[in-house]
1. As a test of reading the structure, rank LYS78, LYS59 by solvent-accessible area (1.4 Å probe, protein chains only), most first.
2. Keeping all protein chains in position, work out how much accessible area GLU55 exposes to a 1.4 Å probe, and write it in Å² to the nearest 10.
3. Taking θ = phi - 60°, what integer Hz values does the Karplus form 6.51 cos²θ - 1.76 cosθ + 1.60 yield along segment 117-133, in sequence order, with x for Gly and Pro?
4. Provide the net charge surrounding SER231, with neighbours chosen by a C-beta distance below 15 Å and charges set as Lys +1, Arg +1, Asp -1, Glu -1.
5. Which order do you get for ASP113, ASP151 if you rank them by accessible area with a 1.4 Å probe, largest at the top?
6. If you take the beta carbon distance between HIS84 and HIS335 as r and set R0 to 51 Å, what does 1/(1 + (r/R0)^6) give as a FRET efficiency, to the nearest 0.05?
7. Subtracting the Cα-Cα distance from 0.36 nm times the residue separation, let me have the gained length for ARG234 to TRP206 in nm, one decimal.
8. In whole Hz, what ³J(HN,Hα) sequence does segment 142-149 give by Karplus (6.51, -1.76, 1.60; θ = phi - 60°), x for Gly and Pro?
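The values are calculated or read from the model by the stated rules, or taken from the named source; none is laboratory data. Quick caveat: nothing in here was measured; it's all calculated off a predicted structure. Note that each Cβ is placed from the backbone with ideal geometry, even for glycine, and that neighbours are counted across all protein chains shown. SASA here: full protein model, heavy atoms, side chains in, ligands and nucleic acids out. Shrake-Rupley method; radii C 1.70, N 1.55, O 1.52, S 1.80 Å.
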Amino acid sequence: MGALDEGHFNAELENGVNLGGCVELGLEGGEPEIPAIEDAVRVLLQGLGEDINREGIRKTPLRVAKALREGTRGYREKAKDVVHSALFPEVGLDNKIGHAGGAGGLVIVRDLDLFSYCESCLLPFHIKCHVGYVPSGQRVVGLSKFSRVADVFAKRLQDPQRLANEVCKALQHGIKPAGVAVVLQCSHIHFPKFESAFLDSNHEGWIKLLVSSGSGVFEDGKADVWADFLSLLRFRGMNTVNIHANGSDQCWCPSHSFTKIAPANSAMMSAVASILRSLGEDPSRKELIGTPARFVTWLMNFQNCNLEMKLNGLVLNQRDSMKPNGGDISFGEEHFCSELNLPFWSQCEHHLLPFHGVVHIGYYCAAGGVPIGRSLLQSIVHFYGFKLQVQERLTRQIAETASSLLGEDVMVVVEANHTCMISRGIEKFGSNTATIAVLGQFSTDSTARAKFLHSIPNSCQSGL
């Protein structure tokens, strides 16, 4: 939980640049980097087999460019400007034994929600940041500045440990306290590869990592002040057992777990390298050398191939087994069936950012009929999930295909978390989107709809 070398960091703090190959980019002239990113995104879309003039993705290059520039604006900001504008005088205890106020009292700001882009794969990851410091010199810093300083460094291509170190160092240098402690709870979305999604029904959707950094009185990880800090985090229900301290070698990005990275499209690789340069990064930096290949490998999961043709064969092979043994069955003899919490992963075609969640399917099965297997419905969900999508279309496609198997009486609910809700300046952490498709009896029978909706588990229980 120690500190970093001062020399490197002081220079970065003063200049607002990352000395690891990044240059500070200005905003003058309408951001000339935007057109370069747009051109690169068009290359990526074409590499996926998409028509870049198709309605829905025609403006995707511009949307992606703006989102990336906004999400990496930290390269163009200076932490010292944030800190120096909010230092206030505050005396300590008067002739008493102890520590408080501006001379030794521990101050903690918890649960700061941030997001950053993973430098290994360019996917956003979520951060819950906790900062503590021990004031000295009879001065304190405005509490809102902790979030703003952390955001300066989060809005860059990052690694969790480096982010914790940079936030810690910026505060130590800017307010000169007795010490600073930073703990980050980081969550990285973990997409399965297209092929493995059909085989692994227990895929874990998130990789989580807890990291820390300390300076001054927090430099010793066994110091009593660390125990006080962590106790106040545990008080909020946080498990502090598995904190990785500064200096631990932890490779957390799930893209490093790929058993192999297939030879990538060279034009797509060059496009990703161009995006990195436009963001103010150096693609030859050690940590970024493999990033274009990893990003393209992940993106190719959503290649526009003719999945519908494969799915049609699957549907035709299943229809006969769904027929009841008798003749026409009256509606009153049908019984309600459902499959809940079918996981899915997809890619928003508007921003090229992932969204994921669960699908719930309700239907009526004729007496004597065989309820459809969960695995087939899961396959339908994956077939439509693994492509550039919007949630409304995904819901409709699943419902229409399910109705071809199950009959007209089908209802589908899709619950999803969208990465674009936290990475485009909106920053609505924890938001969730639900869409519904109703066919047949469900479109006219409110009782049937209510019966199905009441069967869906609480979203907290389903992991959303």
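1. Values: LYS78 70, LYS59 125 Å².
If we order LYS78, LYS59 from most to least accessible, we get LYS59, LYS78.
2. Rounded to the nearest 10, that gives 130 Å².
3. 9, 5, 6, 7, 9, 6, 8, x, 10, 9, 10, 10, 9, 10, 10, x, 8
4. +2
5. Accessible-area ranking of ASP113, ASP151, largest first: ASP113, ASP151.
6. FRET efficiency, HIS84 to HIS335: 0.15.
7. On the way: separation 28, 0.36 × 28 = 10.08 nm, distance 2.18 nm.
Additional length available on full extension: 7.9 nm.
8. x, 4, 5, 6, 4, 5, 5, 5
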